[in-house]
Structure formats: structure tokens, C-alpha cells
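Take a look at the structure below.
The values are calculated or read from the model by the stated rules, or taken from the named source; none is laboratory data. What you see is a predicted model, and the numbers here were worked out from it, not measured in a lab. Heads up, the Cβs are rebuilt from the backbone with ideal geometry, glycines too, and the neighbour counts pull from every protein chain shown.
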Amino acid sequence: MTVDVIQHASGDDAERTRMVWFAGIVVGLLALVPLIASRYALSVLILVFYFAYVGQAWNIMMGFAGQLSLGHALYIGIGAYVPALLWLHLGMSPILGLFAGMAAAMLIAAAIGWLGFRFGIEGVYFALLTIAFSEVARVAVDHIPFAGGAGGLFLPVPAANKATVLNLDGGPLLYYYITLAMAVAATALVAWLARSRHGYIWRAIREDPQAAETLGINLFSAKMRAILLSAAMTSVAGVVNAFYYRNLFPAQSFDMSRSLELILAPIIGGLGTVLGPVVGAFILTPAGEALIAVTHRMGLNAPGTKGVIYGLILMAMICLKPEGVWPWIARKLRLGDRA
Amino acid sequence: MTLLAVDGVTKRFKGLTAVDAVSFAVGNGEIYAVIGPNGAGKTTLFSMIAGALKPDAGTVTFAGARIDGLRPDQIALSGIGRTFQIVRPFPSMTVVDNLMVGSLLRHTNMSTARAKADAILARLDLFSQRAKLARELTLPDRKRLEVARALATEPTVLLLDEVMAGLRPTEVDRMVAILRSINAESGTTIILIEHVMRAVMALANRVLVLHHGARIAEGKPGDIVKDPEVIRSYLGTEVLD
Amino acid sequence: MNIGLLLNVAVQGLTTGLVYGLMALGLSVIFGVVRIVNFAHGEFAVVGMYAAFLLFQAFGLDPIYAAIPIAGLFFLIGFALQKVVINPFVGRPEHEQFILLVAVAMIILNLLLMAFGPDGRPINLSYALDSYLVGPLIIDKVRLISSAAALVMSLGLFAFFRLTATGTAIRACTDNLTGAAVVGLDVKTLYAYTCGIGLACVGAAGAMMITIVDVAPTLAPGYTLLAFTIVIIGGLGSLTGALVGGVLIGVSEALMGYYFQPSMKSMFSFLLLILVLAVRPQGLMGTRQ
């Protein structure tokens, strides 16, 4: 029996060390990519890192704590508008504004969480609740003049001598490293959470809330932690959104299609796993770009082509491999089921 | 010394009185059995003690403090562990991870929690399966897992709901031995709902008999099986042979 | 305050609301029985709208009449959809079912975009500008006819569920699924019938809707949410609740649009949804399940 203990423990550690080395090498390579990549490739990778990041944020709430939010665009929108407005009207650096956005997002998340978890609104109803909040925000911001309203909010490019990292003004190169860092940080956080007490508690809740309670788990506070963390993380993506594209429209920022697009990567990659959202983002985004290129070449220029194919992929995934692509790959690579 | 006192506890479900003013007290370190026909209100009683249901009347007192009306997690924290009649392991988590969810209640350090979990697994003969997913286990193993997981929270009182159901006689004996050793070594008070009389006779210090939600007898196992009321409503005359 | 104008706005909301109600009825039937969240509900409604549009363009068929064959077609589609696609998902985790229908919605919406483009298409009915004068009320002929048709179809549905054997069997499934199975009802096939009926309502509602609203693919998500809002507010498991909810939402949207701005009309519905979810999740007329 003692031999088993030693073997198993070192098996865990050896696996983990291998994973960390592997991840380190990949990140290192990615950091070097801008030396050889085209501007277009960089912009695609920025999207990959962006979706990996928000995917991880959503993964914490759904993959770990099991709470289905279909209105996550709400936090992106808040995280985008608040810092943008602070910068526009008060000249506040987005690096500071980011925290204001986070606070605002967490406040709203607390309201949603309180309504949902205190009143026992679960599953589908909870998902609808999150959609309702997002839609209310969309319509509301549409009608707030100083936020630009439906016409949109535009962030002017600062004059050359004022453009600094503090203003988050830079081309794709700056945002490449920002989003790469965000994706790496998010994945590291999720990896840590998965093995931490929080991770165990969330997974127990996801598997069987009632049984979890008999083991002393306070469902309300655990779920609140999940939604607050997820919202805070997601709001940071909003800042990037705002300052990279430099324009914001309520119809885009808060729209349900935004909420749906950010759940694709974690679902296809693998919910509740550490690398699932990353793998999902790496598959979906380039595939999407490739699809557009291919369909254009075939003469299918109609808007919506990409959507149909994404929908078919999603459907195939959920029917054939609902646990996602990554767990399947991980098993083949013998990397353990929770990597 | 009384550890858990249930006093006049009642539960009604829309016209059906599932538990009817039941009172009993369990002493520290006792093994106390609750028996009775199906529908007698035994699981409902457990659910009220464990906090899953609120009593419509009556009180539940644990270590001198009232616990009726508290949330299940608060009651678990105060030291009452519980298993379910139909076992509820966390299916896609490994055996050891299942236990860790329990041991993390008392130990925030991950390695300590894991060590405690491993110790309990060894005690319950599940260590060799620690890396298996819970859903891959056979029923007897799942039953032991359910008990192990509850034990991981280091409870003062363990509520076991028909933990012998579906086990073969040899497995029943094994479980009885495990429960006896837990009670003897850690002093854990055990309250068990059981139909398997073999286990009740082997384990219980005292037995409570429920019928139609009401208490009809309480006493030592040897006395209970001779009680005419108990024989009439539940045991049947075969048990006298 | 101009009472006459207010009444007109309210009546407009009422008539639209009845059509909404029929659409929500379809969802109530599907959601209430099969317990699958049909996230593609609005998409099917819009397909119904386009179907009526095409029939009108090709044959000059009045959408209200077209509603009948469209309902029949959608029944078959719903039946097949349930049997082939959804039934395998019935035991699976909720979020997987949800995602399945999100995928279906995505496919349908984008196919519509590919086929018809994003712009709104109107239908030019000969009587589009006719209206009836009833006291201070000016009621559009199209609204009157479409809402009457919606009401008739809803009543037909009530009759079906109350009076026919299949309808009763389906209601049995809602009340007690295990019991229904034990008694020997072929649950999976009944689910297929239910989905068929539900989608038939949706298709018909779509056909009626196009007489009031120009059709565009982008309407779809809004209709899905609208249907859910109505079903939850009216109450799950209550067919009358769906109609009542529909009228309630229709009227409040119209009043919101009048007092504030048309673009804000959905906000009130969503705020009401949040309120209902928190305070009375079984809705106005539903049963707690």
C-alpha cells in the first residue's frame, strides 16, 4: 500500500511538471511569434487569446461551479463602457479605469447572484435571468446619451506624444502581448483553482448540490464567489475590447450573440478542464477565419455562412463529444483527466 | 450524556403526517437504530435532523444547542454527518477527491486534507480504488464511499440511512465491523436507519421503532424484537424463531 | 391624457399580444411537457414568417390562410425534430440540452440570413390599410383578423388537450412522467407529438405575425426571449397563462413604446421577468412544480 502511495503521488507530480514545462515552452514560442508573423496573423492570435481568456472566466462559473450564465456579455459591456467613459470624460488611464469597471461588474454580478441564489432560481431560469439583465443593460445604454447611445461611443486616438502604454494605445503588437499575458494568467489561475479548496467545493456543487451541503458546503457563498470572480475577470476583457477597437455600440457589447460566442470555446474545448477553453479558442478562431476565406473563394459570400458552420460544429460537438475536445486529446496523450 | 435530543418533532406534507411528534435522545458514543416499515417516516426524520427539512413542530437539540431550522451545511459544520438512502457520490470525481470535499471542511491545507482522506480510505478498504472515478464503483463500494465521505467531515454524530440495503450478507458483516470499529476507536455516535435486522442486532445499543410516523417502541434490541406491537406492525412472527 | 389614444395603443398591444400568446403557447407546450428549453423558438417563428412571406409572393396566398398549411408543415418538422434530434438528449444535463438548441437556433438564424439577407421584408396586403371604427377605437383590419385567428387556434389547442385522448396523455406526462411511463404511455412518441404541436403553433403565429411586422432574421432572438418571458410570467404549465401573459406583454410593450420610446419596449418585459423569477417563479397562473 505504501508503494502505491508513493507511485501515485509522484505520478501526479511528474504529470504536472511535464504540463508546466510544456506550457512554458508554448508560451515562450508564442511570445516570439510577432518576430515572424504578419499583422493579420497577429490579429487572429489576439482574438484567440481574447476568447481563451473570456472562455476561462466563463469556465470558472459554468465548468466548475455549474452555474449557466448566458448573459456574460453584460460584464464585457460594463468592463468596456466604464473605463472608456472615465478615460473620455476624466482622462483616467484605462489601467485604473479597469478597476472601476471591475467593481461595477462585480456589483451587478452580486445583484444577479443574490437574486438567483437566494431565491433558488436555478438552471434554465437562472440562464434566462442572466439574459434578462444583459438585455436590460443593452436597451438602457442604448438610451444613455453621454454613453454615446445607439450611435456608439468613440475613443479618439491620442496625439502622438500622449500615446503611451498607460493609455493602452498601441497597435496589434501591444495588444498581442496584453492578451497573451491575460490568457496565460487566466489559465494559471484556473489551474491553481482546480487544485485548490475552491475548486473542490465548486465541483462538488456542480455534481450534486444537496450532497455537497451535507459535507458542510455553503452553497450561496460558494456560488457567489464563482459569479463575482467570473464577472470581474470578464470585465477586464471589456477594457481590451474598448481600447483595441476604439469604438463601442450597445448592440454589440451587450448583445446575446456576444454572450453566446464566448461560450463556444470552453464548451468545444472542454468545460471544467484547465486547458479546455484554450484549446477551444485555438480551434475555433482560426477555423472561423479559414471558413470565411474558403467560403469566399467558393463564392458563398452571404452573411451568415460562418454562423451556420459554427452552429453545425457546435451541434456535432454537443452530440458526439459533449465533454469537449481537450479531454479526449488529453487521454490520448495520457495527461490525466483533469488537465 | 445526551448528545442529540429530538423532542416532539412533526412533519406534515399537505395532509399527510409523515412524522408525528417523535421524541428520543441519543447518548454520546451510542449506536442507535431506527427501524420500521417503509413509509414510517424514518428518512423524513433524518432529513429534519440534518437540516434538509424544517420540522413543523418540535425541536432538535445537538450538544445543548438547538439546530432545527439551520441550513444543512451549518449542521454538517457543527458535527453531524449524513448519508443518503440512494447513494450520491460525486460521479465524475475520483474516490479520493470525493473524500477531500469532506475533509476540506476541517482542514484548509490541501496536503493535510488529502492525507486524512487517504487514511479514511484505508480504514474503509477503499484505498486501492482511490484513483477511480466514483461512477465506476460497484454498489457495495459506493456505499462504503458514502460512509467514508461523511466520515471525512469528522462528525460527532453519523446518520446512516439504510447503508446495508442491497449488500450481500458477507458485505453486511464487513460494514458492521467497520461501523463498530469507527464507533469504538473514534467514539463517533451512530444513528442508523435499517431494515437489515442482522445489522441492527449486531450493532445497536438501543432501537427506536416508528410506524405511520409515530414512535411505537424503544429499547434494547433483544427487548424490541419481542415487543408484540413491533412484531405485529413490522417484524412478523418469523423473527421469534 | 388622451384616453382615446391610450385605448388605441392598448388595443394594438392586445391584438399583437394575442399573436405573441399563440407563439408562447407553443413554447409552454414544449417546455412544459418535454422540459427542454427550446432556445430556437424565435427562430422557428421567423421561419414561419418567411414561409408565409414566400407563399404570399408566389401564390398571393393570404398569410392567415397560409397559417393552416404552415402549421401542418411545422407539426411534421417538430415531430421529426423531437424524434431525431431532441429525444436522445432528454436525460442529459440541462446545459447540454440548452447548447443543442442554441446550436439549432444558430444554424436556422444564419441559414435565414444567407437566404434572405438582413433587411426587413414587408408583405403588401390589399387590406393592409383598412380599419374598423368602434367608438373612439380605430382597429386595423389586419390586427383584428390575425388576433382572432390566434385566439381561434389557441382555443382549438385547449380543446385538444382537454377533450382528446392524446391530449390527455400528454397532460399526464407533464403531471407525472414516471406514472405515465408505468401506465404504458409511449412517452417518447408523445414528446414528438408535443413538439409537433408546439411548433405548429409557432409556425402559425409566425404567419399571423407577418401581417403586423416586417420579417427579418434579426427578429428571432428577440422572439425567443419574448416567448420565454411570456411563459414564465404567465406561468409554466398553464395554457391560459401563456395567452394572458402574451396579452400582458403585448399591452405593456405598446404602452412603453408610446410613453417612452419604441426601442425601449422590451426593457419593461425583461424587468417584469426578473421580478417574476425572483418573487413568483410559478408565474401568474402556473402551478409550482
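Out of the residues in the range C:212-238 meeting the condition of being under 18 Å from residue C:111 (Cα atoms) and hydroxyl-bearing (Ser, Thr, Tyr), tell me which one is farthest from the chain's Cα centre (by Cα).
Among them, the one singled out is C:218.
Any residue at all in the range C:148-160 that's in contact (Cβ under 8 Å) with a residue 24 or more places away in the chain and either on the phi > 0 side of the Ramachandran plot or among the polar types (S, T, N, Q) (or both)?
So far as the range C:148-160 goes, yes, one or more of its residues are in contact (Cβ under 8 Å) with a residue 24 or more places away in the chain and either on the phi > 0 side of the Ramachandran plot or among the polar types (S, T, N, Q) (or both).
From B:150, B:165, which residue is surrounded by fewer than 18 Cβ atoms within 10 Å (Cβ to Cβ) and either under 13 Å from the mean Cα position of the chain (by Cα) or at pLDDT 95 or above (or both)? Talk me through it step by step, then tell me what you get.
Values: B:150 fails: surrounded by fewer than 18 Cβ atoms within 10 Å (Cβ to Cβ).
Going through B:150, B:165 in turn, the sole match is B:165.
Have a look at A:230, A:235, A:257 and point out the one that is in a helix (DSSP H, G or I) and either within 14 Å of chain B (Cβ to nearest Cβ) or surrounded by fewer than 23 Cβ atoms within 10 Å (Cβ to Cβ) (or both). First the steps, then the outcome.
Details: A:230 fails: either within 14 Å of chain B (Cβ to nearest Cβ) or surrounded by fewer than 23 Cβ atoms within 10 Å (Cβ to Cβ) (or both); A:235 fails: either within 14 Å of chain B (Cβ to nearest Cβ) or surrounded by fewer than 23 Cβ atoms within 10 Å (Cβ to Cβ) (or both).
One residue alone meets the criteria, A:257.
If you check C:242, C:169, which single one turns out to be free of Cβ contacts under 8 Å to residues at least 24 places away in the same chain, part of a helix (DSSP H, G or I) and touching a Leu at 6+ places or on another chain (Cβ under 6 Å)?
Details: C:242 fails: free of Cβ contacts under 8 Å to residues at least 24 places away in the same chain.
That would be C:169, the only listed residue that is free of Cβ contacts under 8 Å to residues at least 24 places away in the same chain, part of a helix (DSSP H, G or I) and touching a Leu at 6+ places or on another chain (Cβ under 6 Å).
Condition first: without any contact (Cβ under 8 Å) to a residue 40 or more places away in the chain, assigned to a helix (DSSP H, G or I) and touching a helix residue (DSSP H, G or I) at 6+ places or on another chain (Cβ under 6 Å). Now tell me which residues in the range B:86-113 satisfy that.
Taking the range B:86-113 as the starting set, the residues that turn out to be without any contact (Cβ under 8 Å) to a residue 40 or more places away in the chain are B:86, B:96-97, B:104, B:107-113.
If we keep only those that are assigned to a helix (DSSP H, G or I) too, we end up with B:96-97, B:110-113.
B:96, B:113, listed by residue number.
Among the residues of the range B:200-226, write down those that are under 19 Å from residue B:38 (Cβ atoms) and in contact with a strand residue (DSSP E or B) (Cβ under 8 Å, 6 or more places away or on another chain).
The answer is B:200, B:207, B:208, B:209, B:210, B:212, B:213, B:214, B:215, B:216, B:217, B:224.
Looking only at residues that are assigned to a helix (DSSP H, G or I) and more than 14 Å from chain A (Cβ to nearest Cβ) in the range B:44-85, which one is surrounded by the most Cβ atoms within 10 Å (Cβ to Cβ)?
We begin by selecting, within the range B:44-85, every residue assigned to a helix (DSSP H, G or I); these are B:44-50, B:72-78.
Restricting the remaining residues to those that are more than 14 Å from chain A (Cβ to nearest Cβ) gives B:44-45.
Details: B:44: 20, B:45: 28.
Filtering the range B:44-85 for residues that are assigned to a helix (DSSP H, G or I) and more than 14 Å from chain A (Cβ to nearest Cβ), the one surrounded by the most Cβ atoms within 10 Å (Cβ to Cβ) comes out as B:45.
Filter the range C:93-102 down to the residues that are farther than 18 Å from residue C:199 by Cα and either within 7 Å of chain A (Cβ to nearest Cβ) or buried (at least 21 other Cβ atoms within 10 Å of the Cβ) (or both) and list them by number. Can you show your working first?
Applying the first criterion (farther than 18 Å from residue C:199 by Cα) to the range C:93-102 yields C:93-96, C:99.
Correct list: C:94, C:95, C:96, C:99.
Being touching a residue at least 60 places away in the same chain (Cβ under 8 Å) and of a type in the set (Val, Ile, Thr) is the filter; apply it to the range A:260-292 and report the residue that is surrounded by the fewest Cβ atoms within 10 Å (Cβ to Cβ).
A:285
Using the structure shown, decide if residue B:158 is at pLDDT 95 or above and assigned to a strand (DSSP E or B). Spell out the reasoning first.
Numbers: at pLDDT 95 or above: yes; assigned to a strand (DSSP E or B): yes.
When the stated conditions are applied, residue B:158 passes them.
I'd like the full set of residues that are more than 7 Å from chain A (Cβ to nearest Cβ), crowded, with 24+ Cβ neighbours inside 10 Å and of a type outside the set (Val, Ile, Thr), limited to the range B:90-106.
Those that are more than 7 Å from chain A (Cβ to nearest Cβ), crowded, with 24+ Cβ neighbours inside 10 Å and of a type outside the set (Val, Ile, Thr): B:98, B:99, B:103.
Considering only the range A:303-336, how many residues are more than 10 Å from every other protein chain (Cβ to nearest Cβ) and charged (D, E, K, R)?
Qualifying residue count for the region: 4.
Anything in the range B:31-56 that is in contact with a Lys or Arg (Cβ under 7 Å, 6 or more places away or on another chain) and under 24 Å from residue B:220 (Cβ atoms)? List them, or say none. So that I can check it myself, show each step before the final result.
First, the residues of the range B:31-56 that are in contact with a Lys or Arg (Cβ under 7 Å, 6 or more places away or on another chain): B:32, B:34, B:36, B:44, B:46, B:48, B:50-51, B:53, B:55-56.
B:32, B:34, B:36, B:46, listed by residue number.
Yes or no: residue C:207 under 30 Å from residue C:262 (Cα atoms), part of a helix (DSSP H, G or I) and small (Gly, Ala, Ser)? Walk me through it before giving the result.
Numbers: under 30 Å from residue C:262 (Cα atoms): yes; part of a helix (DSSP H, G or I): yes; small (Gly, Ala, Ser): yes.
So residue C:207 fits the description; yes.
Say we look at the range B:130-140 and pick out the residues that are within 11 Å of chain A (Cβ to nearest Cβ) and assigned to a helix (DSSP H, G or I); which of these is nearest to residue B:181 (Cα to Cα)?
That would be B:134.
Residues being assigned to a helix (DSSP H, G or I), closer than 21 Å to residue A:134 by Cα and either of a type outside the set (S, T, N, Q) or within 12 Å of chain A (Cβ to nearest Cβ) (or both): count how many of those fall in the range C:251-289.
Of all residues in the range C:251-289, those assigned to a helix (DSSP H, G or I) come to C:251-259, C:262-279.
Narrowing further to those that are closer than 21 Å to residue A:134 by Cα: C:252-253, C:256-257, C:262-279.
With either of a type outside the set (S, T, N, Q) or within 12 Å of chain A (Cβ to nearest Cβ) (or both) added as a condition, the list becomes C:253, C:256-257, C:262-279.
Count: 21.
Output yes when any residue across the range B:175-184 is more than 12 Å from chain A (Cβ to nearest Cβ), closer than 26 Å to residue B:27 by Cα, assigned to a helix (DSSP H, G or I) and among the hydroxyl-bearing types (Ser, Thr, Tyr), and no when none is.
Step one: list which residues in the range B:175-184 are more than 12 Å from chain A (Cβ to nearest Cβ), which gives B:175-184.
Going one step further and asking which of them are closer than 26 Å to residue B:27 by Cα, we end up with B:175-184.
The next check asks that each one be assigned to a helix (DSSP H, G or I); those that pass are B:175-184.
Those left that are additionally among the hydroxyl-bearing types (Ser, Thr, Tyr): B:181.
Yes - at least one qualifying residue is present in the range B:175-184.
Check off (1) of a type in the set (Val, Ile, Thr); (2) farther than 23 Å from residue A:105 by Cα; (3) in contact (Cβ under 8 Å) with a residue 12 or more places away in the chain for residue A:214 and give me the number that stays unchecked.
(3)
When the range C:103-127 is examined, which residues are found to be surrounded by 14 or more Cβ atoms within 10 Å (Cβ to Cβ) and more than 19 Å from residue A:303 (Cα to Cα)?
As a first pass, look at the range C:103-127 and keep what is surrounded by 14 or more Cβ atoms within 10 Å (Cβ to Cβ): C:103-114, C:116-117, C:121, C:123, C:125.
Selection gives C:123, C:125.
Given (1) in a loop (DSSP other than H, G, I, E, B); (2) over 21 Å from residue A:203 (Cα atoms); (3) of a type in the set (Gly, Ala, Ser), where does residue A:41 come up short, assuming only one miss?
(1)
Of everything in the range A:184-227, what is buried (at least 22 other Cβ atoms within 10 Å of the Cβ), part of a helix (DSSP H, G or I), among the hydrophobic types (A, V, I, L, M, F, W, C) and at the interface with chain B (Cβ under 9 Å from one of its Cβ atoms)? Give them in sequence order.
A:201, A:204, A:211, A:212
So which residues in the range B:126-138 are in contact (Cβ under 8 Å) with a residue 40 or more places away in the chain and either within 26 Å of residue B:189 (Cβ to Cβ) or surrounded by 21 or more Cβ atoms within 10 Å (Cβ to Cβ) (or both)? Steps first, please.
Here is the first cut: in the range B:126-138, the ones in contact (Cβ under 8 Å) with a residue 40 or more places away in the chain are B:133-135, B:137.
Within the range B:126-138, B:134 is the sole residue that qualifies.
For the range C:68-92, how many residues are free of Cβ contacts under 8 Å to residues at least 40 places away in the same chain, more than 8 Å from every other protein chain (Cβ to nearest Cβ) and over 25 Å from residue C:22 (Cβ atoms)?
Here the count works out to 2.
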